[in-house]
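This report concerns only the one structure given below.
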Amino acid sequence: MKEKLYPFGSIEKKWQKYWNDAKLFNMDTNSNKEKYYCLVMFPYPSGKLHVGHGRNYIIGDALVRYKMMKGYNLLSPIGWDAFGLPAENAAIKDKLHPKKSTLNNISIMKQQLVQWGVGYDWTREVTSCMPDYYKWTQWIFLKLLEKGLAYKRKAAVNWCPSCKTVLANEQVLNGFCERCETKVIEKDLEQWFFKITDYAQRLLDDIGGLKDWPERVKAMQGNWIGRSKGVNIDFSVEGDDIKLSCYTTRVDTIFGVTYMVLAPEHPLIAKLIENNPDKEKILSFITKVRQEEKIARQAADVEKEGIFIGRYVINPVNNKKIPLWIGNYVLMEYGTGAVMAVPAHDERDFEFAKKYKLDIEVVIDNPKEHINVSGMRSAYIEDGIMVNSEKFNSLNNREAMEKIADWMQEEKTGKRSVHFKLRDWLISRQRYWGAPIPIVYCEKCGIVAVPEDELPVLLPEDVTFSGNKLRGQSPLAGSKEFVNTKCPKCKGSAKRETDTMDTFVDSSWYYLRYLSPGDSNKPFHKELVNRWLPVDQYIGGVEHAILHLLYSRFITKVLYDLGYVDFNEPFKALFTQGMIIKNGAKMSKSKGNVVSPDTLIERYGADTIRLYTLFIGPPEKDAEWNDRAVEGAYRFLGRLWRLVDKVSKASKVEGKAKSNKDLERKIHQTIEKVTKDIEGDFKFNTAISSVMELVNAAYLCFDKENSLLVKEAAKTAVILLAPFIPHIAEELWQRLGNSPSIFNYPWPKYDKIKAEEDILILPVMINNKLRSRITIEKAASEERIKEAVLADDKVNAWIGEKKIKKFIVVPGKLLNIII
RNA sequence: GCCGGGGUGAUGAAAUUGGCAAACAUGACGGACUUAAAAUCCGUUGGCCGAACAGGCCUUAAGGGUUCAAAUCCCUUCCCCGGCACCA
């Protein structure tokens, strides 16, 4: 064991206790200071935290402490996203009840957070698996149900034939079950959904107002919602009064339609093939395609397959008769499940048409090179000039797209429409460790909501987690006391819903609960929530870019529409921190590359880990953990400690005027730089490096002249670093003669004039190459500068006899002479 | 394929209204201190030519352009990471 550079162990314990006793992080509802709500994504209690997890909390804590010094009234809460699969899987494997393992993990992680020195208002802790919390998750379900935003329907879900259970999407890896590696198939089951699609347009539009969200997150959400603009066109079936509706974004190609393809799941197929002699063949084709795993079928590289069903439809714009096919490449979930095929201008249709020798008709010509159908090797998908399109010929296709849409609207052959990729949110889980869906099934009354005053529907604790008889159902189905109940309406016998809710429902509203965590009468306090939200800064991993953040936005909008909150978006600003990588991979227990904070805290102290974590690189970027560089952070803390030790006795200004002035300037420049770096984009790495420069400068000054100013420099370094390394900062602050807590002191202000250089060293370039430097006072006029430059020996040597063509002076920056 | 973000020393990285490329740190090397080591303090450290801490040339993925001036702006190409993807 190496010798300690400073007694971090006792210092850290001392100040952690002090903050706790002083209730430093307890939010004061009555304060009249401006509010600041800093939220970190609440953790899933998985066991022990590693240094990768720490980045999130350390960034949040640094910001909270900084804002505190800036004079804000801080709300910095924490809680536990405590329902979920891993706890249940552990229950099956280790026979440990999920409640026990979860609560145990929470206490371990809580201790780790305290050791890290991250400050939270622990009086506001929420735990989503406790009845006093999930009661209100159930309440949210009821509100959505009342509003018609929760509904039950049969849906195709991921089914593992070996485990005989439904899998969540995230449990399906490339089409295989993550546990037993069996191929996952599609199965129709009755499931509960939230109608998020009703909010698609608003969720998309309001992305525009999220100015302080990362571009990539906004792009991902926009992508996911996937709005497209097009036209719906009805094609009538020849010899029948059926109409087949299809959706296209390329109505400019309507004259080039040569066949139509239906998804194998299309509901009208049965009727269309009723009298077909090849009915059996067609049905067996459909069965074959539907048996293929959904995931595999949706991949673009799967060979296109189809079958002609002996029927024709009429293209409404030109009355052309075109054959009707079924194809494996058409999806029932998107659009209408029927596609008008334009092989000349769509790659997929082209591939299909070539394979089955279907007609190809060019309707958009390449303006650079005339397209010849017989010579086509692939579809022409670029823009071009309209051909074979009657009165739209010779128009540019983009222009024609609008004109055709208008014309079809007038003729009532088509209707402009908008489609989204976003699907409704499937919230049912055949799992135990989640909030029970508050629904009862009554033989007489049907689906009945559990009345609000009967909430919570308690999750029974004595259930069986494994065993053959339960396969395919939630373990709750095995608990008779739970399942058998009375109908709230008719009081007759009824059965409870045994599925639980997706844990993303729990986490879609937790940030509201922090304002009134103990309230047993309502989910959240309207007035407090309206005062404190939207969250000023949300911090978390980019892996939640879509699901959690989209669901939270959705639930907030629903609550807004129902009049429970006055804000429409929950998170004003979002920061997504990068991952910590070790040996080229994300830290994880299964990869065995986790770095434990506990041993590092023991060896170097929490402040070292905090400093290193913030110094490692730009916080939004992934970063490789480097044990040697951790030691560098530790060395710096030792250096800071010794500097304060040296200067704490200084009491006289003794230095030479010039170096005093230099150091004073450096102090103010550093305050400016650190403030701007934190306020800007959380550039903690460069903020820290500039304080390191200040400390280096103070060292160089100290040896020559033991002045009060060096003490001032040390003091400044300590206070500027306080948000990053709070324990040592408190200690040094006290040793410098101040009373605790440093976080009650105002953040230092810089003096713009003192920060300014008065003497400039201007680089002189000749023909764009650096040749000399001149020293000149800041206020020098352009004339004065020219004079000084032309008096410089080096400059004269380079110019020689040559003529000066141009003399460029960039004030305060440099000079360039062109000869 | 589409969308988003990137590519700078041995390494993590600085520098973005265009203005000294490589701050700060890690590693390496050297000096002081020490019986010695550790720790500490002080230096050197992009590449090439060169005896030189003379001087010069080159250098921000590659190529071109704009400009007195480009890591930064524009065009072309390549590569890496993330998301979406047979979405009609």
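The values are calculated or read from the model by the stated rules, or taken from the named source; none is laboratory data. Because the structure is predicted, anything quoted here is derived from the model rather than measured. Glycine gets a Cβ as well: all are built from the backbone with ideal geometry, and neighbour counts include every protein chain shown. Surface accessibility is based on the protein's heavy atoms, side chains included, excluding ligands, DNA and RNA. Shrake-Rupley method; radii C 1.70, N 1.55, O 1.52, S 1.80 Å.
For this structure, a couple of remarks:
- Shown here for the range A:1-90: GluC sites (Glu not before Pro) in loop regions (DSSP other than H, G, I, E, B) with at most 16 other Cβ atoms within 10 Å, namely A:Glu3, A:Glu34.
- Listed values for the range A:339-354 are Karplus-derived 3J(HN,Hα) couplings in whole Hz (6.51 cos²θ - 1.76 cosθ + 1.60, θ = phi - 60°), namely 10, 7, 9, 10, x, 5, 10, 9, 4, 5, 5, 4, 4, 5, 5, 5, and x replaces Gly and Pro.
- For the range A:14-131, the Kirkwood radius over C-alpha pairs fed into Stokes-Einstein at 37 °C and 0.692 mPa s yields D = 213 µm² per second.
- In the complete set of protein chains, residue-level accessible area for A:Leu283 is approximately 70 Å², probe 1.4 angstrom.
- Summed side-chain charge close to A:Phe141 - residues other than A:Phe141 whose Cβ falls under 14 Å, Lys, Arg +1, Asp, Glu -1: 0
- Anisotropy class of chain A from Cα gyration tensor, a/c 1.5 cut: oblate
- Share antiparallel - DSSP beta bridges, chain A, percent rounded to 5: 75 percent
- Cα centroid separation, the range A:311-347 to the range A:595-617 (Å): 61 Å
- Amide H partners (placed H, <5 Å) of A:Trp213, local residues excluded: A:Leu574
- Rounded to whole numbers, the Karplus 3J(HN,Hα) couplings from phi for the range A:582-599 are 9, 6, x, 9, 4, 5, 7, 4, 5, 7, x, 10, 7, 9, 7, x, 4, 5 Hz, using 6.51 cos²θ - 1.76 cosθ + 1.60 with θ = phi - 60°, and x at Gly and Pro.
- Solvent-accessible area per residue in chain A equals 47 Å², computed with a 1.4 angstrom probe and all protein chains kept.
- Accessible-area rank, largest first, for A:Arg290, A:Arg735: A:Arg735, A:Arg290, with all protein chains present and a 1.4 angstrom probe.
- Between amide H atoms placed 1.01 Å from N, distances below 5 Å from A:Gly414 occur with A:Gln409, all of them 5 or more places distant or on a separate chain.
- Angle in degrees between helix A:627-647 and the longest Cα principal axis of chain A, rounded to the nearest 10: 30 degrees
- Sum of side-chain charges, A:Tyr514 neighbourhood, beta-carbon under 10 Å (Lys, Arg +1; Asp, Glu -1): 0
- Karplus-derived 3J(HN,Hα), 6.51/-1.76/1.60, for each residue of the range A:675-685, Hz, glycine and proline x: 4, 5, 5, 6, 5, x, 10, 6, 7, 5, 4
- Sequence-distant aspartates and glutamates (8 or more away, or on other chains) whose Cα lies within less than 20 Å of A:Lys13: A:Glu3, A:Asp21, A:Asp61, A:Asp121, A:Asp598, A:Glu602, A:Asp607, A:Glu730, A:Glu731
- Pairs with C-alpha atoms separated by more than 20 Å, drawn from the list A:Lys17/A:Lys683; A:Lys152/A:Lys495; A:Lys48/A:Lys582; A:Lys135/A:Lys522; A:Lys218/A:Lys526; A:Lys95/A:Lys586, are A:Lys17/A:Lys683; A:Lys218/A:Lys526; A:Lys95/A:Lys586.
- Residues with amide H under 5 Å from that of A:Leu760, placed H, sequence gap 5 or more: A:Ile776, A:Glu777, A:Lys778
- Shape class for the range A:399-489, computed from the alpha carbon gyration tensor (a ≥ b ≥ c): prolate, with a/c not under 1.5 and a/b above b/c.
- Environment charge at A:Gly541 (Cβ cut-off 14 Å; Lys +1, Arg +1, Asp -1, Glu -1): 0
- For the listed peptides A:21-31, A:139-149, a ranking on the average number of other beta carbons within 10 Å per residue, highest first, reads A:139-149, A:21-31.
- Carbon/sulfur fraction of accessible area - the range A:356-442, other protein chains in place, 1.4 Å, %: 47 percent
- Of every Cα-Cα pair in the range A:285-443, the percent that sits beyond 18 Å: 71 percent
- Shown for the range A:684-763: the carbon plus sulfur share of the solvent-accessible area, taken with all protein chains present and a 1.4 angstrom probe, equals 55%.
- Model label points for A:Asn626 and A:Asp406, set 7 angstrom from Cα along the Cα-to-Cβ axis, are 6.2 nm apart.
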